[in-house]
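Here is the structure we will look at.
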Amino acid sequence: MIIKDVKIITIDNRGRIVLPLVTRKNLGITTNSQLMLVSDSETKEIRITPIGLRDESNLVKLKVVMKDIPGALAKLLDIFAEEGLSLVYSEAVIVEKDKTAVLTAISESPENANQLKNILTEKGEALEVEFSPLD
């Protein structure tokens, strides 16, 4: 059975929102559940999605600048798969047509970030790779 629930919620003075009990129950969200928030300044939308990661997961945000050529994104994603890294979220955007694009991804932290950076640069033809902690 599909349940769709629409609620209007309010942000308090500290920027917090409360997810209604019925919403939490319908989605199986409990204390310490992990949620991914994606905000889009262009469309003025916020999307919150429950994610099923282990409690000990150490998430990182990756920004990979690549050439905007056919197959470039597929090469990068193949490398993530070969390295056994699951992407919780990914989005690719063309920055300059036929020149550069950016892949933004959220993943569990690789065992060796420098090694992954080298592989993405050498085999995936990434121009730049940047890791940052997920806030």
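Please treat every number below as a calculation from the coordinates, not as lab data. None of these values were measured; they are calculated from a predicted model. Please note: Cβ atoms are built from the backbone with ideal geometry, for glycine as well, and neighbour counts cover all protein chains shown.
Points worth noting:
Residue-by-condition table, conditions (1) over 21 Å from Glu108 (Cβ atoms); (2) touching a residue at least 24 places away in the same chain (Cβ under 8 Å); (3) in contact with a strand residue (DSSP E or B) (Cβ under 8 Å, 6 or more places away or on another chain); (4) surrounded by 10 or more Cβ atoms within 10 Å (Cβ to Cβ):
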position	(1), (2), (3), (4)
Leu37	no, no, yes, no
Lys44	yes, no, no, no
Thr49	no, no, yes, yes
Val65	yes, yes, yes, yes
Leu73	no, yes, yes, yes
Gly84	no, no, no, no
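- Ile119 fulfils the conditions (1) surrounded by 13 or more Cβ atoms within 10 Å (Cβ to Cβ); (2) not in a helix (DSSP H, G or I) except for a single criterion, (2).
- Test: residue in segment 60-82 that is within 23 Å of Gln34 (Cα to Cα), out of contact with any Leu (no Cβ under 7 Å at 6 or more places or on another chain) and part of a loop (DSSP other than H, G, I, E, B): no
- The condition of being crowded, with 16+ Cβ neighbours inside 10 Å and among the hydroxyl-bearing types (Ser, Thr, Tyr) holds for only one of Ser33, Ser90, that being Ser90.
- Restricting Thr104, Thr121 to those that are free of Cβ contacts under 8 Å to residues at least 12 places away in the same chain and hydroxyl-bearing (Ser, Thr, Tyr) reduces the list to Thr121.
- Residue among Thr10, Thr49, Thr23 that alone is assigned to a loop (DSSP other than H, G, I, E, B) and among the polar types (S, T, N, Q): Thr10
- Residue check, Lys99 exposed (fewer than 10 other Cβ atoms within 10 Å of the Cβ), farther than 23 Å from Leu134 by Cβ and not acidic (Asp, Glu): no
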